[in-house]
Amino acid sequence: MFQRLTFEFQINLAAENVEYHPQISGDLSGWLSGDTALRYLGETNHGNGTATRTYQSLSGAPGEEFARLLVRRAVPQATLAPTVARRCGIPGGHPRGGQIAIAKV
């Protein structure tokens, strides 16, 4: 029997408008996220303004798995000039973010 990948990351509880999207991959090419790829196991509040979130892979196949964390900050559309939002094709907000924490497991 094999062990499923467990993925933990620390968050700042005071951060506003931040979305965390853990992702997994078997080949570093195609990345999966959401309820079909990962199970949310819980969050531990450390009492210092941070918490650790834990997810587990739902992959049924043994082998190498990789994990990464996509972090996005959304700026509400109201803060953008309407013409800029239209030109950029932004219907509800402007995502700004990046990917961090690529880990081979």
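The values are calculated or read from the model by the stated rules, or taken from the named source; none is laboratory data. Fair warning: this is a prediction, and the values are worked out from it, not measured in the lab. Here the Cβ is made from the backbone with ideal geometry for all residues, glycine too, and neighbour counts use every protein chain on show. Protein only, heavy atoms only, side chains kept; ligands, DNA and RNA dropped before computing areas. Shrake-Rupley method; radii C 1.70, N 1.55, O 1.52, S 1.80 Å.
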**Item:** Karplus 3J(HN,Hα) series, Hz, for segment 4-18 with 6.51 cos²θ - 1.76 cosθ + 1.60 (x for Gly, Pro)
**Value:** 7, 4, 10, 10, 10, 8, 9, 10, 8, 5, 8, 5, 9, 6, 10
**Message:** Could you give each residue of segment 29-38 its phi-based ³J(HN,Hα) in whole Hz, using Karplus coefficients 6.51, -1.76, 1.60 with θ = phi - 60°, and x for Gly or Pro?
**Reply:** 10, x, 10, 10, 8, x, 5, 7, 10, 9
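Could you sort 36-47, 13-24 so that the peptide with the highest average Cβ count within 10 Å comes first and the rest follow in order?
Working: 36-47: 11.9, 13-24: 14.1.
Highest to lowest by the protection proxy: 13-24, 36-47.
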**Fill in**
Listed by chain and number, the residues whose amide H is under 5 Å from that of LEU5, excluding neighbours fewer than 5 places away on the same chain and using placed H, are SER57
**Message:** Please compute the length gained on full extension between THR52 and GLN10, using 0.36 nm multiplied by the number of residues separating them and subtracting their Cα-Cα distance.
**Reply:** 14.7 nm
**Message:** If you roll a 1.4 angstrom probe over the protein chains with everything in place, what fraction of the accessible area of segment 8-62 belongs to carbon and sulfur, to the nearest %?
**Reply:** 44 percent
**Prompt:** Could you give the nm distance between label points at TYR40 and ASP27, where each point is 7 Å from its Cα heading toward the beta carbon?
**Reply:** 3.0 nm
